[in-house]
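Before any comments, here is the structure.
The values are calculated or read from the model by the stated rules, or taken from the named source; none is laboratory data. Here the structure is a predicted model, which is why all the values come from computation and not from measurement. Note that each Cβ is placed from the backbone with ideal geometry, even for glycine, and that neighbours are counted across all protein chains shown.
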Amino acid sequence: MKAFNKIGFHTASGGNPTGIGDYLRTLDAAGIPFVIKAADAMTGLFDAQELMRAGNNKVPHVLAFRRSVPSLGGPPPSGNPDVPDYNKEPALAAEEHWNWHKKNLPPELDKELVWIETINELRKEVEWADWIGNFAFHTGQLALAEGYKYAAFGYSSGTPDEGAWETDGMLRYLELCQQHPRQLSVALHEYSFKTADIWFLRGDHIGRFEKLFAACDKHHLRRPYVLITEWGWTHERVPPVSKAMQDIAAVAEYYAQFPEILGAAIWYLGPGFAGIANRAQRLIKPITEYSVTTTFEIADPTEQPPEEAPPMSPVGEEGRPNGRFIRDVTILDDTVLTTGEAFTKTWLVENNGNVAWTDGYQVVHVAGEAMTAVTAQPLPTAQPGAQVEISLDLTVPDTPGTHFSDWRLRDDKGELFGDVIYTRIIAQAPVSAPEGTCNSQFIADVTIPDDTVITPGEAFTKTWRLKNTGTRAWDGGFSIRYLGGVKMAAQDSYPLPPAAPGAEVDVSIDMTAPTAPGTHYEDWRLFDDKGEIFGEIVYVRIQVPWLPGSSVVAPVSQRDARWADKRLGQVGSNQTIGKWGCLLTCFAMVANAYGHQVTPAQLNDSMVRQGGFIDVNLTKWNALTDVYTDMIYGGKVASSPEVIRSIDASLLEGRPVAVQVDFTSDTPYTDNDQHWVLVVGKDGDDYRINDPWLLPAQEASLKERYGRAGRPLWEAILSAIFYRSTRGNPAPIDIPKPVDTPVVLQTGINVNPDAPHSNPYDSDDFKGLDWVRFVFKLDARTVVAERGDLRKAFAQYDPIIHAYNRLGVKSLIILNQETIWGKAPWAGGNDWAGYALDLAAAAKDIATHYRRYKDEVAYQIWNEGDKEHNPASVYLKPEQMALIVTAVATAVRSVAPEAPLIFNGMATGPEATAAYLKKVETAVGGKIPVDAIGIHPYTRWATKAPFDWGQHYGTLAQAFDVYRRELPGYTFWITEIGVADDSEIGPQFYGEIGEYMKDVYKHVQDRHTDLVKNLIWFGWSDWMRNAGVVKKDGARKEHVYPAFRAVRNREL
């Protein structure tokens, strides 16, 4: 039988629903069901209702509505339209909540056509599921009594928790759905939470509805109809159209297999959420075209749905077979196998139809790679309700990588039925029989030591002395290859000189220095004759100096402490020069090029007086003409290939040009990504820029900072602003050395790269922070097959560190038992010295890999190791900690001497911390060899005690007094502080938490920067002990996120 695409759209009041009417009319005319969900307005729904009435409801369109904001009559008794009053009995809460929603429905809404949602993103815990189920049961009865169609729950993606669907209250509502399938249903949300991977955590995100269906099957209940009333990638992002349509096609085919899924609504054509409507709107036309041209072959449903509510998939007849996947018996998803290897894949499958599987029934290959020549094989016989194992003998494909093989069940009439069952494996090339090992050790820089100053464009030869520390000789086929950084060599690969085991050789490569001033590095790695990487990274790092006359104007940083905190624009502005003053700073540099010696702060004041701002703090394109009589505005030119010609002509005359760029060029552009830089010169196919964001002020490469790989230069420029002066053209000047800026408290946030919504490196949420902090997991990687694989770890952490670095955010990496478990002396054996050397070896590899970042990647040695019986860490006695910190600090400093080192992250109080550190000092034989001591002063408060903390805990100032007195000579980083708990922290506490955050930061900044240099909040999301600035679904918390923003923007 055939089914259609079930993925449609979610609208609201405002946003950008342009074209939604065309989508509705086109599908209706073709007799294909559409899906439309609206919030707070009838956008799209009104037209949808009219189409259904005109067609006498012949096409089973899917319409849904939810009221999410209070009306003029005020909020419901619960205080929130989305949330019931959990403090009341379910029946009373249901009655009050339903009556409020019914009263606030749009008068034009047709209750016979539109599914109504009254609750949204509820508590996910099993202990609340019984209450919520009973609430839905009573709401459903009220809706039935008045002729409404009701969709319950609206659970967030990834919720509810396991076991929730099987509580008595939930089963009670599902039984009511079974009795009234045309009027009662379940609403869920399914987001992938990653724009790059729609199947991220498949079954927990996309496809979590199957847990509901499994519970119904287990309890012999009819599966309810399900509306995915929010569907997509993230709340603020949509991939490019081509990628989005690939994802939609994949999920549409998946949903088509489930006739109970009525439809899914793409988030979101409404307002807010970083302007996602403008990106989602681009999908309307391609989804319309896709929906009218695409059908899916599916099995007939095993049950006859009621005629009044036909599903989007055609109705079948009685006596049809069905099959349900239960679990993988062998070869779990992403099992690593060798190319060409034979294996047996076994699934456990249930006959959940009403006919037996008999002779003639088969399992057949339908998609992906068959991995066998026999693409149709007999199906074991099974009576209805029985579970059987289906086994196939398969062979791993010859190509390394990830491979899929999809199979379906087929009856004796040749009709496909049941769930898709599949295997997903990772093929790797066979490992050759051992013939020796390859390894290398860096011995010395023979030429060009680190940070050698080389003239722009100068040719030089880099020579490293390397030792063959393996057991194989380096001979024909061995090479040294380019790994990353700025290309300075002519080739990507060069032969490696022959070297017997134990021998030392000099490896030389001819290079040419870049023409752009600044620090430049290039990484290289050795490869054997089979193309396998080995040995240490070797690199070159040079300094290209400023040349007299190389620029028309000195660079200026908007984040210079002399004006970073100054208000941008007129009275009433909530922005500062440091945060949003990039164009103002560019204009200050333009003015300076023409002889007006002015700082951004002075120009800001002049523009306020002369009307250089609009809407309080938006810089006018022609603002300089308002301030200076000699300045002539040459216009603003949009991006095109011709803009390069205009900029080049201006540079030939010595005139700098302000250009707009995408601050986060690796992600889709939003208004928050707007940034301005000043073009001051050209080097080949690249522009030299003064980037106001950089501190200290310096020149940079436009392509390196804001270009896109493989794309032309003009695409990095969104627009350009031109000026000239009646005074003539500027003369080139010498670039002064950067001015030292006052020390201020550094800020940061703890992130978790392994949890959803806990590491937003692909957004600009952290733009303005100094640090992020996370654990480098090597032996504790979430994928078991990746544990101990340093390449897999680098593949995860490299893009994270790089993306944050582009935002000006540095990374503090924790090295602890999750990095290296190894000998685990805490679990027995007591070989602490051996473990310290193992962790130090890993630390050296990691620090070598990231040493290009100099002091912008720091390392914390262990975490909370001073606290006994701590489930989050491993306790170390002071003498054991001394072994580890000495070994790791020595290893890191041997390869990355500029990287800051932080000790532990002390979890005990100040007196206990001081006593512990003194014992570590005794074992070390002096001061601990680190740059700062990490501390976690949880429950300590500044000037205002939140909750009841003032009655039980001391102040930060009291703790700092102990550190000053007992531990002189050390500085401290607060690497964790916040409000955390193993249970959910309700929104009633958000106000106090926000005030606490601001009070702590301001207090430390104002009074304690002599002692505390960095304050890193814990943590970003509620996946981190419920301590987040955002919730588990990524939604920003009231009061808490604004406090974080104030800290990030230095607005306190």
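A few comments on the model shown:
- Count - residues of the range 779-791 that are at pLDDT 90 or above and closer than 30 Å to ARG705 by Cα: 1
- Considering the range 172-183, the residues that are in contact (Cβ under 8 Å) with a residue 40 or more places away in the chain and over 11 Å from ARG223 (Cα atoms) include one that is surrounded by the fewest Cβ atoms within 10 Å (Cβ to Cβ), namely ARG182.
- Within the range 670-692, the set of residues being surrounded by fewer than 21 Cβ atoms within 10 Å (Cβ to Cβ), touching a residue at least 40 places away in the same chain (Cβ under 8 Å) and either in a loop (DSSP other than H, G, I, E, B) or of a type in the set (Lys, Arg) (or both) comprises THR670, ASP683, GLY684, ASP686.
- Unmet requirement for ALA249, which otherwise passes all of (1) of a type in the set (A, V, I, L, M, F, W, C); (2) surrounded by 22 or more Cβ atoms within 10 Å (Cβ to Cβ); (3) in contact with a helix residue (DSSP H, G or I) (Cβ under 8 Å, 6 or more places away or on another chain); (4) within 16 Å of GLY207 (Cβ to Cβ): (2)
- Test result for ALA196, part of a loop (DSSP other than H, G, I, E, B) and farther than 14 Å from ASP1033 by Cβ: yes
- Just one of the listed residues (LYS844, LYS867) is at pLDDT 95 or above and surrounded by fewer than 22 Cβ atoms within 10 Å (Cβ to Cβ), and it is LYS844.
- Looking only at the range 623-643, and only at residues there that are surrounded by 17 or more Cβ atoms within 10 Å (Cβ to Cβ) and closer than 22 Å to PRO555 by Cα, the one that is nearest to the chain's Cα centre (by Cα): ALA623
- Test: residue in the range 962-969 that is modelled with pLDDT of 95 or more and within 30 Å of THR848 (Cβ to Cβ): no
- Residues of the range 264-297 that turn out to be surrounded by fewer than 22 Cβ atoms within 10 Å (Cβ to Cβ), modelled with pLDDT under 95 and touching a Ser or Thr at 6+ places or on another chain (Cβ under 7 Å), as a count: 2
- Residues that are more than 17 Å from PRO692 (Cα to Cα) number at least 1 in the following helices (runs of 4 or more DSSP H) confined to the range 558-620: 600-610.
- Pair list, Cβ < 6 Å and 6+ apart or interchain, from the range 584-599 residues that are farther than 13 Å from ALA623 by Cα to residues that are not in a loop (DSSP other than H, G, I, E, B): MET589/LEU678; MET589/ASN690; TYR594/SER725; VAL598/ALA588; VAL598/ALA591
- Residue under evaluation CYS438, criteria (1) in a strand (DSSP E or B); (2) under 39 Å from the mean Cα position of the chain (by Cα); (3) of a type in the set (A, V, I, L, M, F, W, C), criterion not met: (1)
- Test: ALA48 is among the aliphatic types (A, V, I, L, M) and either part of a strand (DSSP E or B) or within 32 Å of the chain's Cα centre (by Cα) (or both): no
- Restricting LYS944, LYS927 to residues that are outside any helix (DSSP H, G or I) and within 18 Å of ILE977 (Cα to Cα) narrows the list to LYS944.
- First in the range 326-337 and closer than 15 Å to LEU392 by Cα, second anywhere and crowded, with 17+ Cβ neighbours inside 10 Å, Cβ under 7 Å, 6 or more apart: ASP328/TRP347; VAL329/TRP347; THR330/LYS345; ILE331/PHE343; ILE331/LYS345; ILE331/THR423; ILE331/ILE425
- Among the residues of the range 318-346, those that are farther than 21 Å from TRP357 by Cβ and part of a strand (DSSP E or B) comprise THR335, VAL336, LEU337, THR338, ALA342, PHE343.
- As a summary of the residue check, HIS220 satisfies the conditions (1) of a type outside the set (Lys, Arg); (2) buried (at least 21 other Cβ atoms within 10 Å of the Cβ); (3) more than 29 Å from the chain's Cα centre (by Cα) except for the one numbered (2).
- Counted residues, the range 107-119 - those being more than 17 Å from ILE36 (Cα to Cα) and surrounded by fewer than 23 Cβ atoms within 10 Å (Cβ to Cβ): 1
- Looking only at the range 895-924, and only at residues there that are outside any helix (DSSP H, G or I) and polar (S, T, N, Q), the one that is surrounded by the fewest Cβ atoms within 10 Å (Cβ to Cβ): THR908
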